[in-house]
1. Restricting attention to the stretch 11-60, and to residues there that are aliphatic (A, V, I, L, M) and over 14 Å from the mean Cα position of the chain (by Cα), which single residue is nearest to residue 93 (Cα to Cα)?
2. So, in the stretch 109-140, of the ones that are among the hydroxyl-bearing types (Ser, Thr, Tyr) and open to solvent by 40 Å² or more (accessible area, probe 1.4 Å), which residue ends up modelled with the highest pLDDT?
3. Could you list, in sequence order, the residues of the stretch 90-101 that are surrounded by fewer than 14 Cβ atoms within 10 Å (Cβ to Cβ) and touching an Asp or Glu at 6+ places or on another chain (Cβ under 9 Å)?
4. Only one residue in 48, 29, 39 is among the small types (Gly, Ala, Ser) and surrounded by 10 or more Cβ atoms within 10 Å (Cβ to Cβ). Which one?
5. Considering each residue of the stretch 103-118, count those that are free of Cβ contacts under 8 Å to residues at least 40 places away in the same chain and closer than 19 Å to residue 78 by Cβ, and give that number.
6. Looking only at the stretch 76-124, which residues are within 19 Å of residue 28 (Cα to Cα), in a strand (DSSP E or B) and of a type outside the set (A, V, I, L, M, F, W, C)?
Amino acid sequence: TIALDGTHRTRITTHPASDVEPTWNPVTGSMAFSSMRSGNWDIWLKQGTNLTQLTFDPGYDFNPSWSADGTRIAYLSAQDGNKEIYVMNADGSGKTRLTCHPSQDWHPAWSPDGTKIVFSSDRGGVLAKAASRNKVSTPI
């Protein structure tokens, strides 16, 4: 972490593996991040000094993004060999795949009201959106 004026830098993970893409839970202050500490890119949760692995897929899991109410995480997963957008509960349960397309999807972000997820995609070079409740994705 770092203060907005550039002071008070504090390292918050110490594992020798790569820990990247941290994102704060807007309600609890816990942090989700992507890490190689399990030997594969997975999503982890840091609550105080406690660490919990949330994903265990053979493909990599990356780009965690918290819902505004702090109860769900959207993320990219390549568990089926293709980059798709998934959501899960904050404890790692209830994993649901939102996209299913031969193109690559990544960098999900929640709408402020938590009803939609926007993400990047290489579907002909256009951005795409997906509803957060297991609906089919559509181009913007």
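The values are calculated or read from the model by the stated rules, or taken from the named source; none is laboratory data. Please read these numbers as outputs of a predicted model, since none were measured by experiment. For neighbour counting, all protein chains shown are included, and Cβ atoms are generated from backbone atoms with ideal geometry for every residue, glycine included. We work out accessible area using only protein heavy atoms, side chains counted, and drop any ligands, DNA or RNA first. Shrake-Rupley method; radii C 1.70, N 1.55, O 1.52, S 1.80 Å.
1. Step one: list which residues in the stretch 11-60 are aliphatic (A, V, I, L, M), which gives 12, 17, 20, 27, 31-32, 36, 43, 45, 51, 54.
Pick out the ones that are also over 14 Å from the mean Cα position of the chain (by Cα) and you get 12, 17, 27, 36, 51.
Details: 12: 25, 17: 25, 27: 19, 36: 20, 51: 16 Å.
Going through the qualifying residues, I end up with 51.
2. Narrowing the stretch 109-140 to residues among the hydroxyl-bearing types (Ser, Thr, Tyr): 111, 115, 120-121, 132, 137-138.
Add one more test, that the residue is open to solvent by 40 Å² or more (accessible area, probe 1.4 Å), and what stays is 115, 138.
Details: 115: 92, 138: 46.
The selected residue is 115.
3. 97, 100
4. Details: 48 fails: surrounded by 10 or more Cβ atoms within 10 Å (Cβ to Cβ); 39 fails: surrounded by 10 or more Cβ atoms within 10 Å (Cβ to Cβ).
After ruling out the rest, the residue left standing is 29.
5. Qualifying residue count, the stretch 103-118: 3.
6. 89
Residues are listed down the side, and each one gets a yes or a no for (1) surrounded by fewer than 12 Cβ atoms within 10 Å (Cβ to Cβ); (2) among the hydroxyl-bearing types (Ser, Thr, Tyr); (3) touching an Asp or Glu at 6+ places or on another chain (Cβ under 9 Å); (4) modelled with pLDDT of 95 or more:
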| site | (1), (2), (3), (4) |
| --- | --- |
| 53 | no, no, yes, yes |
| 58 | yes, no, no, no |
| 74 | no, no, no, yes |
| 88 | no, no, no, yes |
| 105 | no, no, yes, no |
